[in-house]
Structure formats: C-alpha cells, structure tokens
Amino acid sequence: MTASAAAPADPGDRTTRERARQAVYELADAPDLGAGSRYPPGRALSLADGHPGLALLFAELSRTAPPDRRERYRAAAHAHLAAAAAQVRTAPTDGLFQGPPALAFAAHAARHAPDDYARLLHRLDDLLARRVRTLLADENARLDAGRPGTRIAAYDAVSGATGLGRLLLARHHGHPSARQGPEAGLRATVRYLIRLSGPVRAHGRTVPGWWTPDGPSMRPEPALPRGHLNFGLAHGIAGPLALLALTRRAGLTEPGHDAALTAFAEALAHQRRADGQWTGVVPFDGHPDGPADPRPAAARTAWCYGTPGAACALHLAAEALGRPDWSRTAVAALTAALEAPRGVTDVGLCHGWAGLLHLTAHLARSSGDPHLTARAAESAGRLLDALAHAARSRSVARRTGLLDGTAGIALALHSWAADAPPATAWDAALLIR
C-alpha cells in the first residue's frame, strides 16, 4: 500500500485530481493533436516532439480512459504510428528519442496483444541491432586503443547507448520470439557501460571513463577547455546507473556489473552538494581530484540535469543492490530540491512542472515517502494553475510532443490523477523504470 493510500483522503487533493483528469481529456482531445499535423524535417520521428510521443499519449489512454473512449484513442495512436512509419525510409537511425528507435519504443508501448505491430517491430529491431553494433564497435575500439574522452551522444539516454539499451530491455521483455536479438545487443551495451565506469588518464590526471572533452552542448566550449563530467539523467551518468540497475533487476548481468553500479552511484553521491542537491555539470578542473571547492551550483530542478532525475536513478540502484542508505539519500535530495525548485519556468516534462510532478509522484510510490506524496500534489496544483494561465493569456506557443509539450503534460497528469504507474510504461523512456 502506498503512503498516499494509507493516509486519510484530503478533499483538496480529491479536487486537484479531478481537475487533473479533466485537463487530460481537454489536452488529448484538442484538434492540433491529429496525425495529419505537419512537422519540420526531422521532427516527425521524434519521441520528444513528433508522432511517436503523441502515439504514447493515445496508447496510454486507449488502455485507461473510460471504456467508451478507448477505441477512439487506440485509433489515434495507430494513426500517429502509421504517420511515423511512413518516414522511416528517409530517417537516420539515431537514439531512443529520434528516428526508428523512437518509433519502435512507441509501437512497443502501443501493443494490446503481443503480436500487435509485429512486422513493423521486426523491421525496427533489425535497424536497432545495426545501430547498436555500429555505436558499440566505435566506442570499444576507442577504449581498446586507450583513447580517453567519450562523447555524450555515444553513451547517454537521449541519443546514445543508454537509451538504446532501455529500448532493448523493453523489447527483451516484450515477446519471446524477439528475445534473442535484443538480449545480445543489450548484454553488449551493458558490457560497454561497465567499461565506461573505469578510470582513464586525461591531461595528466585520473578521471572517470565517462569524462568527455566537449561541453554539455556536445561541442567544444571555450568555457570548458578540458571538457566536463555530466551527472544528469538525460545526458550524464545517472542514465547508465539507471540502466545497470534495471538490467540487474531483470537478471541480465555481466562481469563487473555490481562494481560498475557502485562506481556510478558513489560518483553521484560524492558530487552531492552541502544543500543536499546535485549539480548537473562539473568542469574537468572541478573533478574531486582537482580544485572542487566550492562545488558548482545546483542544476535546475528537472528530469534532464537536476536532482529529480538523479534521485530516481539512485533509488533504482538502491533497489538493485539492497542499499537503503542510497534510497534515503535519493528521497532526502528530492525533498530538499522541492523546497525551492530552481529553473522551473515551463510546464513540460523535460524541465518543467510536468516532469517535477511525474518524478516526484514516481519516487513517492517507489519509496512510500508521505512527504513526497504531498509534494507531488503541490506540483500538480502548480502545473494545473500554469496551464490555466497559459490558456487565458495565450502567451505560450503550443507544442505537442512528449518532452516539452502536450503529450508529456497529459501523461504526467493522467498518471498522478490515477495514483498508479502508467499502463504502457511510457516513462521507461525517462529511465526511471
């Protein structure tokens, strides 16, 4: 039983949940969410801001909406998948959030029966396997040659091996006939991330293997002449930490698995600031082996770089390795971050109120912490108020995708209003489950 279920019902909370339910269907039924929408080049196959993200919204509602609406939403999900599939021949094979992998994630989530979209998914599985082999071959060749300095897009959750690994894990669980290919690629991905956890030498110093010579923009930056270490969930080591925890929980382990999990978790824990929060980016010269005092400022309170994402990843590691101390750290860090959220200036899932709501509610359910349950309700109220203000003022250009737009906002509100994890596991794309 969750902490929220054990507590007496709060009339204010019930009112907010009803507002959330109404908002979900107002958002989902808006005319600009149709599959006929035109997207700029490259965005149609984007999980963040294209057809696959909207397919996730309608797939979730096709399972959980009132029965008289479900077939309509199922048809809407199918229409968005079909529109995305028409773009596959011209789209590059990229990371989880772009290209054929984004479509594969959405189609996998949209299935009502194991064989739904089987032909499409078989074709996408082949593209995914080739993409993973190429990416890992390049990275393993670099590591074999002793060349330090990875690229964020090689390993992260959005474009790299971590996000592709999460898709492989979903496909591994999805259907027995699909397991052989996904498992081989998944195990190879895990072995690569284990290698990435080890130390390397760069600029005369020993640094973690996930050090990158680039800046957070994924390009060289004059302000970071020796690159940086990234601790975020979207683009940093919180992502590999989460994937290694999830694969361990699934029984898919490789030699050195627990040691790598521990190395990533301890690196994250060590970087926690005195105020209990995490920074997202540490310059090379700010690494603990260098002049690290004072530590960089805390990141914005968000999924992508901040404490909410890092806390969810650390909690997964705590569950995987039986480390209640890490779980307590994760809960305490998110609780501290919610006292005065930093940089929450929009309503989206990536770095807005929808993301703060969903990650707080998720960690509240996972940990059973009643304070986080209450904080999630507060975030829901803030999100609903912001949506109402935007609707009145028409001051915000409407985006429709998963990370920054309607799909993610509606999905976060829907999950919170139901007080249950998503039926489609759409939030696996965020590496929190």
Checklist entry - Which members of the stretch 285-325 meet the condition of being more than 30 Å from Asp404 (Cα to Cα) and modelled with pLDDT of 90 or more? => result Ala320, Leu321, Gly322, Arg323, Pro324, Asp325
Checklist entry - Any chance the stretch 383-401 includes a residue that's touching a Phe, Trp or Tyr at 6+ places or on another chain (Cβ under 8 Å) and either acidic (Asp, Glu) or surrounded by fewer than 23 Cβ atoms within 10 Å (Cβ to Cβ) (or both)? => result yes
Checklist outcome for this item: Within the stretch 241-251, residues being surrounded by 17 or more Cβ atoms within 10 Å (Cβ to Cβ) and either under 22 Å from Gly204 (Cα atoms) or of a type outside the set (Ser, Thr, Tyr) (or both) number 7
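Per-residue answers, yes or no, for (1) closer than 22 Å to Gly401 by Cα; (2) more than 24 Å from the chain's Cα centre (by Cα):
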position	(1), (2)
Glu60	yes, no
Arg72	yes, yes
Ala84	yes, no
Ala107	yes, no
Asp115	no, yes
Leu135	no, no
Gly146	no, yes
Leu164	yes, no
Checklist entry - When Ala428 is evaluated against the numbered criteria (1) assigned to a helix (DSSP H, G or I); (2) touching a residue at least 40 places away in the same chain (Cβ under 8 Å); (3) surrounded by fewer than 16 Cβ atoms within 10 Å (Cβ to Cβ), which criterion, by number, is the only one it fails? => result (3)
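Considering every residue within the stretch 407-417, establish whether at least one is at pLDDT 95 or above, more than 19 Å from Thr16 (Cα to Cα) and in contact with a Leu (Cβ under 7 Å, 6 or more places away or on another chain).
Scanning the stretch 407-417, I find at least one residue that is at pLDDT 95 or above, more than 19 Å from Thr16 (Cα to Cα) and in contact with a Leu (Cβ under 7 Å, 6 or more places away or on another chain), so the answer is yes.
Okay, residues lined up against (1) surrounded by 15 or more Cβ atoms within 10 Å (Cβ to Cβ); (2) among the hydrophobic types (A, V, I, L, M, F, W, C); (3) farther than 23 Å from Glu319 by Cβ; (4) touching a residue at least 40 places away in the same chain (Cβ under 8 Å):
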position	(1), (2), (3), (4)
Gly185	yes, no, yes, yes
Ala188	yes, yes, yes, yes
Leu193	yes, yes, no, yes
Val200	yes, yes, yes, yes
Gly204	no, no, yes, no
Pro213	yes, no, yes, yes
Pro220	no, no, yes, no
Leu233	yes, yes, no, yes
Gly239	yes, no, no, yes
Checklist entry - Are there any pairs, at least 6 apart or on different chains, whose C-beta atoms fall under 9 Å, with the first in the stretch 88-101 and among the acidic types (Asp, Glu) and the second part of a loop (DSSP other than H, G, I, E, B) and at pLDDT 95 or above, and if so, which? => result Asp94/Ser159
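Looking at the stretch 334-355 only, could you name the residues that are assigned to a helix (DSSP H, G or I), of a type outside the set (Asp, Glu) and surrounded by fewer than 24 Cβ atoms within 10 Å (Cβ to Cβ)?
Correct list: Thr335, Ala336, Leu338.
Taking the condition closer than 15 Å to Gly401 by Cα, among the acidic types (Asp, Glu) and either in a loop (DSSP other than H, G, I, E, B) or in contact (Cβ under 8 Å) with a residue 12 or more places away in the chain (or both), does Asp13 pass?
Considered against the rule, which asks whether it is closer than 15 Å to Gly401 by Cα, among the acidic types (Asp, Glu) and either in a loop (DSSP other than H, G, I, E, B) or in contact (Cβ under 8 Å) with a residue 12 or more places away in the chain (or both), Asp13 comes out as no.
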Checklist entry - What is the number of the single condition among (1) under 24 Å from Tyr155 (Cα atoms); (2) surrounded by fewer than 20 Cβ atoms within 10 Å (Cβ to Cβ); (3) in contact with a Leu (Cβ under 8 Å, 6 or more places away or on another chain) that Pro100 does not meet? => result (2)
Checklist outcome for this item: Those residues of the stretch 28-45 that are buried (at least 16 other Cβ atoms within 10 Å of the Cβ), among the hydrophobic types (A, V, I, L, M, F, W, C) and modelled with pLDDT under 95 come to a total of 4
Checklist entry - From Arg151, Arg147, Arg142, which residue is surrounded by fewer than 24 Cβ atoms within 10 Å (Cβ to Cβ), touching a residue at least 40 places away in the same chain (Cβ under 8 Å) and closer than 30 Å to Phe284 by Cα? => result Arg151
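The values are calculated or read from the model by the stated rules, or taken from the named source; none is laboratory data. Since we're looking at a predicted model, the values are computed, not measured. As a convention, Cβ positions derive from the backbone with ideal geometry for all residues, glycine included, and neighbour counts pool all protein chains shown.
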